[in-house]
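One structure is given below, encoded as structure tokens.
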Amino acid sequence: MTNRSKLKQLILDVFLLSEEEYSLNLKREDIQTWDSLGVVSMAVGIQETFGYHLRPEQATAIASVSDIIQVLTENGVHFDV
Amino acid sequence: MIQIKSEAAISAQHGLLASAWDSNESFIFTPSPCPVTDEWLRTLIRRLPSELYEDHFGILTSGSTGTPKLIMGSKYRTGELSRLINEHQQLEPVQNAILALPLPYSYSLVNQWLWAHIHGKTLHSTRGMADPQSLFRALQCHSASMLCLVGSQVPLLRRYVEPGMQFPEVLRLNFAGGPFPQAELSWLHEIFPSAIIFHNYGCTEALPRLTIRPASDFDDPMTLGAPLPGVELDIDASGGLRFRSAFGCDLIADEDHIQRVQRDEWIATGDQAERLESGHFRLLGRNSEVFKRHGEKVSLAILACSLRQAWNGELAFYLETAPDGENGHVLILSPVPGQPAVRKLLLHLREHFRRPLWPIRIEGVEAIPLSANGKPDTTTLCQLPRTQLWKQIL
């Protein structure tokens, strides 16, 4: 499973999205379930899936799926183009 | 005081029950298998107030606590309740009661056996969903009948009723003793085309009826009908639903305590509820099925009702402490669904419930084990191999 697929599955499971709703352009404001508990859940999921521990300020600053990819890429997690 | 033991050949007991009911002597009707020993019962009987040795009857229940309790009530006042039920459900045209639940349940005993006894109707025993074909034959053979079920029997009914099968002789169909099967209401009207379907609420301590309403009165299965005349409902400080009833029990006794119930005394139903602006009461579930998670009240009964809109199979819950240290619930589905069905349920959860109300996991099993009263047996369930279908990341 590629990191891109892992991230997609994580986002679907954390925010309870359908496959059709998912895209790299997905923003926090588009998802009602991206609430404060959702932020915590996402941070734990990123740690479990990619081994990277998001600091609280990083987790709350993330506003889109693209932001997650950027943070992870900057911290050594590679995503296929 | 005599003890009548329920046997498999229930029909043989009708005469025995009738004699006991019509005599002045009190009796206790025990189920089979009986959760207590004869010695347990004899010891308790010796401690009962002497005035209960006449004109009363007793049944055993474990209620929401799992501890066996003896509930005793007045034959006269329970008879009055049966007449009230007859009036509220307009049961005059009904000639036959078809028994599909164990007779020692207060629901079967009062709504069916006693009703038939008092009003000169005929009671027909079946083994219920343990032998669906004999139940179906009874429903087809006996005209103008009344059937009492619990909601957890409906999935079994669905499994055994063949396409096109109908039971037009059933004129009244009662549900009590658990969540009302609202999601199956249309289907129930199809197979019982002549029946008025009733949503009843009560408990053994009430012997047993507190409210009766036609199912068509509300779309929400958790909303109760108005209390019967002589019955009051209220909510206590901890959100528990309680009642006072002119027809309720006179005594609640277990191994350690004997509680003599006064007519003006509030008795806990074992359920949590809220009062709606309309004045009606809305159930939230059994005390053990309502808990707080991240400060939000979770009602497993309400969750189950809602999830049935997105899942046609069977479902159950068990409780577990979540990895975040909070109380949590695990949703069990049967048969084991594929990912599209799981995703449909997840979308339903997202649409209707906030995150604290989501299960901490969804698991699948081949079949959900049921206890003798048709409710999910969560103890056995937790020992079965289960397939994890989704988990909440906590």
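Throughout, read-outs are computed from the coordinates displayed, never taken from laboratory work. The model shown is predicted, which means the values in this text are computed figures rather than measured ones. Methodologically, a virtual Cβ is constructed for each residue, glycine included, from the backbone with ideal geometry; neighbour enumeration extends over all protein chains shown.
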Q. Say the dipole of the protein assembly as shown comes from +1 at the beta carbon of Lys and Arg and -1 at that of Asp and Glu; which of B:His257, B:Met222, A:Leu24 then lies farthest toward its positive end?
A. A:Leu24
Q. How large is the dipole of region B:2-285 about the Cα centre if only Lys and Arg carry +1 and Asp and Glu carry -1, each at its Cβ, rounded to the nearest 20 debye?
A. 440 debye
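Just order B:94-107, B:177-190, B:227-240 by mean Cβ neighbour count inside 10 Å, highest at the front, would you?
B:94-107, B:177-190, B:227-240
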**Q.** Spacing of the two label points (7 Å from each Cα toward its C-beta) at B:Glu190 and B:Gln339, in nm
**A.** 3.2 nm
Q. So what does the Cα-only Debye profile of region B:294-391 read at q = 0.10 Å⁻¹, as log10 I(q)/I(0), no solvent term?
A. -0.24
Q. At 222 nm, what helix-only mean residue ellipticity would the protein assembly as shown give, in deg cm²/dmol to the nearest 500, using -39500 (n - 2.57) for each DSSP H run of four or more?
A. -8000 deg cm²/dmol
Q) Based on the Cα coordinates of region B:79-157, what is the per residue volume of their convex hull in Å³? A) 87 Å³
Q: Rank the residues A:Val44, B:Val161 as a footprinting-exposure proxy: fewest other Cβ atoms within 10 Å of their Cβ go first.
A: B:Val161, A:Val44
Q) Sorted by average packing, counted as other Cβ atoms within 10 angstrom per residue and highest first, what order do B:357-367, B:27-37 take? A) B:357-367, B:27-37
Q) Can you pull the Rg over Rh of region A:3-74, Cα-only, Kirkwood? A) 0.90
(Q) Residue by residue through A:6-17, how many Cβ atoms from other chains fall within 10 Å of the Cβ on average? (A) 3
(Q) Longer than 26 Å from Cα to Cα, which of B:Lys121/B:Lys375; A:Lys8/B:Lys297; A:Lys27/B:Lys344; A:Lys8/B:Lys391; B:Lys297/B:Lys344; B:Lys69/B:Lys297 are they? Say none if no pair is. (A) B:Lys121/B:Lys375; A:Lys8/B:Lys297; B:Lys69/B:Lys297
